[in-house]
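The values are calculated or read from the model by the stated rules, or taken from the named source; none is laboratory data. Worth saying up front: this structure is predicted, and the values here are computed from it rather than measured. Ideal geometry is used to build each Cβ from the backbone, glycine not excepted, and the neighbour counts take in all protein chains shown. The area values use the complete protein model at the heavy-atom level, side chains included, leaving out ligands, DNA and RNA. Shrake-Rupley method; radii C 1.70, N 1.55, O 1.52, S 1.80 Å.
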Amino acid sequence: MLYDCAIVGGGIAGIQAAVQLGRYRHSVAVIDAADGRSTMCRRYHNLLGFPEGISGPELRAVGRRQAERLGVKFIQGRGTAAKREGEHFLVMVDDLAEVRAQRLLIATGVKDRLPDLPELRPCLGITVFVCPDCDGYEAADRRTLVLGAGEASVSMALELTHWTRNIVCINHEMKPVSVDKLTGLIEQGIAYIEQPIRQVLAEDDQLKGVMLADGSVIAGDRAFAAFGGNDVRSSLAGQLGAK
């Protein structure tokens, strides 16, 4: 089948696009590997219409049902390759199936680089966050830990001063930080620790703090992860010649 549009990525952006295109009565296929940012977030607080918040999986499920009512087809799998074929696009799904479309919308987004600390993930979107624009408000006037690497961690800590001054910046990967950045931390009264985290301390989704490699415990009930090196999932666009 030749679709009017193939959408690679079934996160919030991809599903919203599918709903809009479906309402225009276009034939649409959404290719979704179901491993993006929105699959991990246990609560979004900043979306219109959800004052108590909504989880990423729940929002995706509601959006998918809305899109399917408009005739949108969802294909489980990963878009592994894309190319032009005459006036159409051809997308390979898991190197097994082909999806053909007149238009291609790439909504693959960004995947955060997170450390191998198992207790971190249940807290995502509840007491641990990745985006200060979306969730800085959740740390307002609270003891907040920044768990990260090098310059990324320091930049996050400085940005969070809009909401709280009670911040501890932990350079888990002990990557280099410029003198200017460290001076900025001192000027803002932010504590700086350059030491690996042994364990995140949490009760279910409620952060309590972290234990460092030397056994010391740093308390905090909110945290932001800032490790840098996030995966901008642009390989399909690159295959088609995008810069």
Here is a check on your reading of the model: is L158 under 25 Å from the mean Cα position of the chain (by Cα) and either touching a residue at least 40 places away in the same chain (Cβ under 8 Å) or within 30 Å of V91 (Cβ to Cβ) (or both)?
no
Which of the residues spanning the range 88-113 are modelled with pLDDT under 95 and over 23 Å from V19 (Cβ atoms)?
D95, L96, A97, K111, D112, R113
Would you point out which residue out of A219, A213, A191 is open to solvent by 40 Å² or more (accessible area, probe 1.4 Å) and in contact with a Pro (Cβ under 8 Å, 6 or more places away or on another chain)?
A213
Among the numbered criteria (1) hydrophobic (A, V, I, L, M, F, W, C); (2) outside any helix (DSSP H, G or I); (3) open to solvent by 10 Å² or more (accessible area, probe 1.4 Å); (4) closer than 20 Å to D231 by Cα, which one does I126 miss?
(4)
Which of the numbered conditions does A237 fail, given that it passes all the others? Conditions: (1) more than 30 Å from R103 (Cα to Cα); (2) hydrophobic (A, V, I, L, M, F, W, C); (3) in contact with a strand residue (DSSP E or B) (Cβ under 7 Å, 6 or more places away or on another chain).
(1)
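Going residue by residue through the range 158-174, is there one that turns out to be open to solvent by 40 Å² or more (accessible area, probe 1.4 Å) and part of a strand (DSSP E or B)?
Step one: of the range 158-174, the residues open to solvent by 40 Å² or more (accessible area, probe 1.4 Å) are 158-159, 162-163, 165-166, 173-174.
Filter once more, keeping what is part of a strand (DSSP E or B): none.
Scanning the range 158-174, I find no residue that is open to solvent by 40 Å² or more (accessible area, probe 1.4 Å) and part of a strand (DSSP E or B), so the answer is no.
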Can we say G184 is among the small types (G, A, S), open to solvent by less than 30 Å² (accessible area, probe 1.4 Å) and under 30 Å from G238 (Cβ atoms)?
no
Restricting to the range 145-157, count the residues that are buried (at least 24 other Cβ atoms within 10 Å of the Cβ), small (G, A, S) and either touching a Phe, Trp or Tyr at 6+ places or on another chain (Cβ under 7 Å) or assigned to a strand (DSSP E or B) (or both).
1
Pair list, Cβ < 8 Å and 6+ apart or interchain, from the range 81-94 residues that are closer than 15 Å to I31 by Cβ and free of Cβ contacts under 8 Å to residues at least 40 places away in the same chain to residues that are polar (S, T, N, Q) and surrounded by 15 or more Cβ atoms within 10 Å (Cβ to Cβ)
M92/T80; D94/T80
Checked the range 111-123 for anything open to solvent by 10 Å² or more (accessible area, probe 1.4 Å) and touching a strand residue (DSSP E or B) at 6+ places or on another chain (Cβ under 9 Å); matches are K111, D112, R113, L114, P115, L117, P118, E119, R121, P122
Taking interchain pairs and intrachain pairs at least six residues apart, which have beta carbon atoms under 9 angstrom, with the first residue in the range 203-216 and without any contact (Cβ under 8 Å) to a residue 12 or more places away in the chain and on the phi < 0 side of the Ramachandran plot and the second among the polar types (S, T, N, Q) and open to solvent by less than 50 Å² (accessible area, probe 1.4 Å)?
S216/Q195
Which of the residues spanning the range 33-62 are closer than 26 Å to V91 by Cα and among the polar types (S, T, N, Q)?
S38, T39
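Per-residue answers, yes or no, for (1) open to solvent by less than 20 Å² (accessible area, probe 1.4 Å); (2) among the β-branched types (V, I, T):
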| site | (1), (2) |
| --- | --- |
| G136 | yes, no |
| A139 | yes, no |
| R143 | no, no |
| V177 | no, yes |
| K208 | no, no |
| V232 | no, yes |
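Based on what the data block shows, is Y137 assigned to a strand (DSSP E or B) and among the hydroxyl-bearing types (S, T, Y)? Please lay out each step first, then the result.
Values: assigned to a strand (DSSP E or B): no; among the hydroxyl-bearing types (S, T, Y): yes.
For Y137, the condition - assigned to a strand (DSSP E or B) and among the hydroxyl-bearing types (S, T, Y) - is not met.
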